[in-house]
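S.K.: Structure in structure tokens, see below.
The values are calculated or read from the model by the stated rules, or taken from the named source; none is laboratory data. Everything numeric here is computed off the predicted structure, so don't read it as measured data. Cβ: placed from backbone, ideal geometry, glycine included. Neighbour counts: every protein chain shown.
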Amino acid sequence: MEPVSSAEKHTAERTLVNDFLAARDARSFHKLYGYVTPYLYQLVYRLVGRNDNNAQDILQDVWIRAVERLPEFRWESSVRTWIAGIAVNRCRELFKQRAKAPLAILDDDGAIAGGASTPHALRLDLDDAIARLPDGFRTVLVLHDVEGFTHEEVGALLGIETGTSKSQLSRARKAVRRTLSEE
């Protein structure tokens, strides 16, 4: 199987979107949904700390918002990137709701406080360590290190300065390293 070029992906996305906008039926929606959702679910799942219920709820909200706004989509990015932006914003709304509840706190060394009661009893893998990060740190780390967004793109998506993205990423990486090195 030959790799698919960027131009071919772009053409496929345009076809899926145009077919859906023309027909507005379940069949065309399911094709578009099937194209975007596997990527989108993984992004949201990581952003919300590996909570499937939150990820599913957000995914549903994202698609409702995306379908409403799809006729105004200007093709300045790929459809997946555009919908990912909606997903990131929806996750941020969840984080604001969570802000009223206690969050994980980083101690002075960058370690995640409130971990396992016996540090030797639980070995965390990378996904667990990322899931335990505070929402802001986890969001920047996932967008930059996992999804490949630049600091400028992360800043634009989150409404923060590039320097803030860089510092949050640095702190997030330090916290993950500390968590993974706990014995």
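S.K.: Identify, please: which residue in the stretch 53-75 is among the aromatic types (Phe, Trp, Tyr) and touching a residue at least 40 places away in the same chain (Cβ under 8 Å) and is, among those, surrounded by the fewest Cβ atoms within 10 Å (Cβ to Cβ)? Working first, answer last.
M.R.: So the first thing to find is which residues in the stretch 53-75 are among the aromatic types (Phe, Trp, Tyr), and the list is 63, 73, 75.
In the following step, the residues that additionally are touching a residue at least 40 places away in the same chain (Cβ under 8 Å) were identified as 73, 75.
Values: PHE73: 14, TRP75: 11.
Across the stretch 53-75, the extreme among qualifying residues is TRP75.
S.K.: Given the criteria modelled with pLDDT of 90 or more and surrounded by fewer than 19 Cβ atoms within 10 Å (Cβ to Cβ), does GLY159 qualify?
M.R.: Taking the combined requirement at face value, the residue does not satisfy it.
S.K.: Restricting attention to the stretch 39-52, does a residue exist that is exposed (fewer than 14 other Cβ atoms within 10 Å of the Cβ), without any contact (Cβ under 8 Å) to a residue 40 or more places away in the chain and more than 26 Å from LEU141 (Cα to Cα)?
M.R.: No: zero hits.
S.K.: Going by the conditions given, is VAL62 within 27 Å of GLN168 (Cα to Cα), modelled with pLDDT of 90 or more and not aromatic (Phe, Trp, Tyr)?
M.R.: Spelling it out, VAL62 is indeed within 27 Å of GLN168 (Cα to Cα), modelled with pLDDT of 90 or more and not aromatic (Phe, Trp, Tyr).
S.K.: Please determine whether any residue of the stretch 76-83 is surrounded by fewer than 13 Cβ atoms within 10 Å (Cβ to Cβ) and not in a helix (DSSP H, G or I).
M.R.: Yes; the residues of the stretch 76-83 include at least one that is surrounded by fewer than 13 Cβ atoms within 10 Å (Cβ to Cβ) and not in a helix (DSSP H, G or I).
S.K.: Return only the number of the condition from (1) part of a loop (DSSP other than H, G, I, E, B); (2) at pLDDT 90 or above; (3) over 24 Å from LEU143 (Cα atoms) that PRO3 does not satisfy.
M.R.: So PRO3 meets the others, but not (2).
S.K.: Could you count how many residues in the stretch 162-183 are touching a helix residue (DSSP H, G or I) at 6+ places or on another chain (Cβ under 6 Å) and either over 24 Å from ASP128 (Cα atoms) or outside any helix (DSSP H, G or I) (or both)?
M.R.: 1
S.K.: Something else now. Looking at the stretch 3-53, which of its residues are more than 15 Å from ALA66 (Cβ to Cβ) and either of a type in the set (Phe, Trp, Tyr) or in the same structural domain as ARG132 (by TED's automatic domain parsing) (or both)?
M.R.: TYR45
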